[in-house]
Amino acid sequence: MANMSESEEAPVMTAASEAGSSLRGPFLWLLGPATVWLWVATILALLGSLKLVDPRFLGAWGWLTFGRISPAAFLSFVYGFGVPVGLSAALWAVTKGGRLPLLGRRWCLATSFLWNVGLWGGITGVLAGESRSLSWLGLPTFSLPSLGLAYLLSAGWLVAALVSQWEKTSLASRFLLLGLVWIPWAGGAAALMLHDPAVRGVAVGSLEWWFNDGLLYAGLGAFALGIVYLLVPVSLGRPVAFSGLGRIAFWAWALFANLAGTAHLVGGPFPLWMVSLGVSSRFLLWVAAVAVGVGFWVAARGGAAEKGDWDPSWHFLRFGMSSLLVAAGLGALLALPAWSRYVHYTVLEEAQLILFLYGFLGMTFFSLLYTLLPRVLGRPWPSPTLAKAHFLLSSYGISFLVGLLAAGGLFQGVGLDDPDLPIHEVIVSLLPFLRSAAAPATALLAAHAVFGLHLLWLVVESGSSRRVEEEAALAGSAREGVRTP
Amino acid sequence: MTEPKRVLLGILLATGVGWLLLVWMPLRKLGPIRPSADGAPFGRAVIGGKVYAANGCASCHTQVIRPPNLGSDIARGWGARRSLPVEYQEEHIVPLGVLRLGPDLADVGERRTEPHWYYRLLYDPRTVYPGTVMPSYRYLFSRVPLLGSPLPDALSLSGRDAPPPGFQVVPGPKARALVAYLLSLKRVPLGETGKTP
C-alpha cells in the first residue's frame, strides 16, 4: 500500500474550476430530463404501492393498472435516470471538466433528444399495454430504434475518446468502458433475438435474465463503479487503495455479471448447471464488490474526508458503496437453494433489487451529480441544507423501504412454504408491511423533489450570474464546487 | 495491441461468454427440438398470451412449478411435478414471473375449466375472493345494450357491479383471448408425475 501514489487514479478534477461553459449545455441536456424521469419513476412506484394497498385505488383504468405501472416505474428509473447519468459520467471522465469539441456537443444533443423521445414513446407504450413484460426488456419494439441510435451516437464517440486518452492505471476508464460497450452489445443482441420467430421456449427466459442481471451489474453497475473510482480522488484527495486488486475485481465483474442472471431461475425448468453457474457467479460478484469496497474504506480511513464541512458527494458515495456490499451479498445468499425455497418470488427479492437500484446506483449517481454540476455550472450548490435534506430523506427512505420489504418477504416466504396456509392469508400477513412501505416511498419522492428544486435553483442562479462571471473571468472560489479538496 | 484495445476485446469476449452459455446453448439444447404433440399454440390463446404480458399479470403470478425440495408448489396443488423445458418449447412469451402475490398459474387450466368463472374473476376479483389484492380488469369488458335475452357470455352481475337497466356486460376480444390463454395453461396433465431429468 506504500506505493499508493497520487498518480494512480490521476486526480481528475484538478482543472475543475476551469469548467468551460461549453460543457453546460451537454450536461444539462442529459441530466435535466434524467431528473424528470426520476420523478416519473418515483411517482409511478408510489402509485403502484398504493394500488397494492387498495386495488380499487384510482379505479380500473387500464393504463394505470398495477401490472403496467410497476414495470413502467422500474423502466423509467433505469432508462430515464440511470443510463443518461452513466453517459454523463463517461462524458465527464473524457472531458475532465475541460472543453468539449463541437462534434461531441452535437452528438450529446442528438442523444438526449432521441433518447428521451424514444423513452417517452416506450413508457407510454408500456402504460398503453404494448409491453411483452420481459423485465428490463419490456420497452415496446417501436421505441427501440430511437433508443439504440441515441445510445450509439454518444457511446461510440465516448468509447473512442476513452480509448484515445487511455490512462494506464485508471480503473474508472475500464468500468466506464464496460458500461458503454455492454449496453449496446447485449441490448442489440437481445432485441434482435426476441424478434426472431425461431427463438422460443425457455431460452427466452434465460435470455431475459442474462440481460436483466447484465444490465444491472455490467451496464449500470459498471457506470456506478466507474463513478466510485472517479470520485474518491475528488472527495478524499487520494485514490481507491489496492489498484491491483481492483483490476482483478474489474475482470471478475465483467465476466460474472454476464453469468449471474440464471441465479434467478432456481427451481425453474433449466438444467442444473445453468442455475449453479448463476448462483456461483453471484457469489463471485459479491467477492469482487468486497474487493472494491476494501480499497474504498482503506482510502476513506486515510483520506481527507470530513474536514469539517459536510460534503454531500462523499455521503452519497459512502451510502452507495455500503448498499452495493449488502445488495450483492443478499443477491448471492438469497439464491442459495436453502434460502431460495423460502424467499424466491417474495418481496424480499424486491427489497434486494431496490437496494441495488436506489441504494447503490441511485445514491452513487447523485454523488456524481453533486460533484459534477457545480463545476460544470460554475457555481456552488446554493443551499447545503437542501443537500443534507436530500441525503437524509433518501437514506432513511431507502433503508426503511428495504427493511420493511425484507421483513415482509420473510413472512411471505414462510407462509408460502406452508401448503396448508391459503394464499389469501399469506398475502394478508404481508399487507401491513406493504402498507407501511408507502411512508418511506413518500420520503423518497420528497427527497427527489428536494433534489429537483435544488437543481433548478442552481441552474437559474448560474444562468443569471453567467454573464457577470464571464466578464470578470475570474477563477475565484465562487466557481468551485461545494467542496473541492 | 494497445492496452485499451485489449480491455475492449476482453469486455466483448466476457459478454460473449454469457451470451453463448445462457442464450445460445439453451436455444440449441432446450429449444424446439422436435415438434410437440399438440403442435404450436395458435389463435386466441397466442393473442391471450400477449394480453397476459401487456397487463402485467406476471408482476403477481408466476408460471413455474418448483420441485418439492425447493418449495411447496406441488403440495399446494399448483402442478403435479416440476416444470420441464418441453412444456414451454413453442412459446414466444415465457412469463416465468418474478413475484408471487397470487397463486402460480402454470397449470391453472387444469384447475379451473369454466370460462365464466374467469370472466367473473377478471371483471371483479373481489366477488370471487373477498378482500383480494388482485385488481379488477373491467377495462377488458364492454357494456352493450340488452336486446331481448342476454348474450350467452354476458356476466350475471348484481349490486354495485350491475349495469344500468337495458344493458349487459360482455367480455371484449382481449378478455376472451386472455381466458382462452389461461384455459390453455395445462402444462402438466393432472395425475401425471414424472421423474425430473
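Some observations on this one:
- Failed item in (1) at the interface with chain B (Cβ under 9 Å from one of its Cβ atoms); (2) over 23 Å from the mean Cα position of the chain (by Cα), with A:PHE242 passing the rest: (1)
- Some residue of the stretch B:32-52 being within 19 Å of B:PRO103 (Cα to Cα), of a type in the set (A, V, I, L, M, F, W, C) and either in a helix (DSSP H, G or I) or modelled with pLDDT of 85 or more (or both): yes
- Any hit, the stretch A:64-76, residues being open to solvent by less than 20 Å² (accessible area, probe 1.4 Å), assigned to a loop (DSSP other than H, G, I, E, B) and at pLDDT 90 or above: yes
- Condition check for B:LEU96: within 19 Å of the chain's Cα centre (by Cα) and more than 8 Å from every other protein chain (Cβ to nearest Cβ): no
- The helices (runs of 4 or more DSSP H) located wholly in the stretch A:112-218 that include 1 or more residues which are within 9 Å of chain B (Cβ to nearest Cβ) and under 30 Å from B:CYS60 (Cβ atoms) occupy A:171-194, A:202-213.
- Some residue of the stretch B:108-130 being part of a loop (DSSP other than H, G, I, E, B), in contact with a Lys or Arg (Cβ under 6 Å, 6 or more places away or on another chain) and within 13 Å of chain A (Cβ to nearest Cβ): no
- Filtering the stretch B:131-179 to residues that are part of a helix (DSSP H, G or I) and open to solvent by less than 40 Å² (accessible area, probe 1.4 Å) leaves B:LEU140, B:ASP161, B:ALA175, B:ALA177, B:LEU178, B:VAL179.
- So A:VAL298, is it of a type in the set (Val, Ile, Thr), over 28 Å from B:GLY97 (Cα atoms) and open to solvent by less than 20 Å² (accessible area, probe 1.4 Å): no
- Every test in (1) more than 7 Å from every other protein chain (Cβ to nearest Cβ); (2) open to solvent by less than 30 Å² (accessible area, probe 1.4 Å); (3) hydrophobic (A, V, I, L, M, F, W, C) is passed by B:CYS57 save one, and that test is (1).
- Look at (1) within 13 Å of another protein chain (Cβ to nearest Cβ); (2) open to solvent by 50 Å² or more (accessible area, probe 1.4 Å) and you find that A:GLN352 fails only one, number (2).
- Residue count, the stretch B:67-93 (criterion: facing chain A (nearest Cβ under 10 Å), in contact (Cβ under 8 Å) with a residue 40 or more places away in the chain and not in a helix (DSSP H, G or I)): 9
- Boolean, A:GLY408 is out of contact with any helix residue (DSSP H, G or I) (no Cβ under 7 Å at 6 or more places or on another chain) and either crowded, with 24+ Cβ neighbours inside 10 Å or not hydrophobic (A, V, I, L, M, F, W, C) (or both): no
- Those residues of the stretch A:55-80 which are within 7 Å of chain B (Cβ to nearest Cβ) and among the polar types (S, T, N, Q), in sequence order: A:THR65, A:SER70
- Cβ-Cβ under 7 Å pairs, at least 6 apart or on other chains, the stretch B:1-19 side charged (D, E, K, R), far side in a loop (DSSP other than H, G, I, E, B): B:GLU3/A:TRP166; B:GLU3/A:LYS168
- Selected residue [open to solvent by 10 Å² or more (accessible area, probe 1.4 Å) and within 21 Å of the chain's Cα centre (by Cα)] from A:THR385, A:THR442, A:THR364, A:THR371: A:THR442
- Where a residue in the stretch A:412-440 is outside any helix (DSSP H, G or I) and its partner, wherever it lies, is exposed (fewer than 15 other Cβ atoms within 10 Å of the Cβ), with Cβ under 8 Å and at least six apart: A:PRO419/B:ALA75
- Test: A:ILE423 is more than 17 Å from A:ALA327 (Cα to Cα), of a type in the set (Val, Ile, Thr) and within 14 Å of chain B (Cβ to nearest Cβ): yes
- Neighbours by Cβ (under 7 Å, 6+ apart or cross-chain): first from the stretch A:218-231, under 17 Å from A:HIS315 (Cα atoms); second hydroxyl-bearing (Ser, Thr, Tyr): A:ALA224/A:THR364; A:ILE227/A:THR364; A:ILE227/A:SER367; A:VAL228/A:THR364; A:LEU231/A:SER313; A:LEU231/A:SER367; A:LEU231/A:THR371
- Residue that is open to solvent by 10 Å² or more (accessible area, probe 1.4 Å) and at negative phi, where the choices are A:LEU231, A:LEU215, A:LEU194: A:LEU194
- Among the conditions (1) small (Gly, Ala, Ser); (2) more than 14 Å from chain B (Cβ to nearest Cβ); (3) within 30 Å of B:ARG100 (Cβ to Cβ); (4) surrounded by fewer than 20 Cβ atoms within 10 Å (Cβ to Cβ), A:ALA332 misses just one, which is (4).
- Verdict on A:VAL347 being among the β-branched types (Val, Ile, Thr), over 23 Å from the mean Cα position of the chain (by Cα) and open to solvent by less than 20 Å² (accessible area, probe 1.4 Å): no
The values are calculated or read from the model by the stated rules, or taken from the named source; none is laboratory data. Just so it is clear, the structure is predicted and the values come from calculations on it, not from any experiment. Because the Cβ atoms are built from the backbone with ideal geometry, glycine has one as well, and the counts that use them run over all protein chains shown. Keep in mind that these areas ignore ligands, DNA and RNA; they rest on the heavy atoms of the full protein, side chains included. Shrake-Rupley method; radii C 1.70, N 1.55, O 1.52, S 1.80 Å.
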